[in-house]
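Asker: Okay, here's the structure, questions in a sec.
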Amino acid sequence: MSQSDTLGLAKDAMSSGQVGSKLWLIQVLERLLLNYRPSRVPITVWIYGGWQGVMGFMLLCRVGTEAAVPLASIRSFDLDKSATDAANALCENWVWREWHFRAFTADCNQLDPLEPGAEYGAPPDLIINTSVEHFTSNEWFERIPVGTVIAFQGANFPHDGAEAQIQNESQMQARFPLAENWFSGSLHFDYGAWSFDRYMIIGVK
């Protein structure tokens, strides 16, 4: 990958659509956890399709605020090694702190949250996937244990690698059924020449 390609990926990772969607998730998730998990026990978070680590970075930057997600550790997984390297560089402030954050190059469809192994550490209490349209298989979802809190998003516009586009909120609810639905909604981005919606569901499998 050339230097220009690397810079282009970094710019897209920090686009308004990417950052705005993740801010929305964090703001809603913080409110929901205060209501549904008031004990504030630190939790382990796994991020599927974590790309360049922006989701983890934003969660960690909230630590110290009253409503912040109480974090024990974050693990981020992506197929792209260059993205994994970028994620560990972006979050290096927490990587060196006994892997408070750590990104790994791995296939999320093959992860076993029940038996993560020594490399990944504790099983996840919360799994986040903000790019479900990039997953053509539901295997990653099927492997998630019952009782795990899940937050996921999908967009309804065509873009690189998005082979399983989400057309509406109902479609996503049908594809990923939850035992407890804490939240479902959409966020609209209108850039004048084009627009798209990002759908989000948070709950317990």
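Asker: When segment 187-203 is examined, which residues are found to be closer than 14 Å to GLN167 by Cα and exposed (fewer than 15 other Cβ atoms within 10 Å of the Cβ)?
Answerer: HIS188, SER195
Asker: Tell me, which residue of segment 59-79 that is of a type outside the set (Gly, Ala, Ser) and part of a strand (DSSP E or B) is farthest from PHE104 (Cα to Cα)? Break it down stepwise before answering.
Answerer: Going residue by residue through segment 59-79, those that are of a type outside the set (Gly, Ala, Ser) are 59-63, 65-66, 69-71, 74-75, 77-79.
Next, only the ones that are part of a strand (DSSP E or B) stay: 63, 65, 71, 74-75, 77-78.
Working: VAL63: 22, THR65: 27, LEU71: 18, ILE74: 11, ARG75: 7, PHE77: 5, ASP78: 7 Å.
Ranking the candidates gives THR65 first.
Asker: With buried (at least 16 other Cβ atoms within 10 Å of the Cβ) and either closer than 15 Å to GLN153 by Cβ or out of contact with any Pro (no Cβ under 6 Å at 6 or more places or on another chain) (or both) as the only criterion, which of LEU34, LEU111, LEU79 stands out? Quick ask: steps written out before the conclusion?
Answerer: On the way: LEU34 fails: buried (at least 16 other Cβ atoms within 10 Å of the Cβ); LEU79 fails: buried (at least 16 other Cβ atoms within 10 Å of the Cβ).
From the options LEU34, LEU111, LEU79, the qualifying one is LEU111.
Asker: Report whether or not ILE150 is in contact with a strand residue (DSSP E or B) (Cβ under 7 Å, 6 or more places away or on another chain), at pLDDT 95 or above and assigned to a loop (DSSP other than H, G, I, E, B). Spell out the reasoning first.
Answerer: Working: in contact with a strand residue (DSSP E or B) (Cβ under 7 Å, 6 or more places away or on another chain): yes; at pLDDT 95 or above: yes; assigned to a loop (DSSP other than H, G, I, E, B): no.
For ILE150, the condition - in contact with a strand residue (DSSP E or B) (Cβ under 7 Å, 6 or more places away or on another chain), at pLDDT 95 or above and assigned to a loop (DSSP other than H, G, I, E, B) - is not met.
The values are calculated or read from the model by the stated rules, or taken from the named source; none is laboratory data. As the structure is a prediction and not an experimental result, all values here were calculated from the model. Note that we place each Cβ from the backbone using ideal geometry, even for glycine, and neighbour counts take in every protein chain shown.
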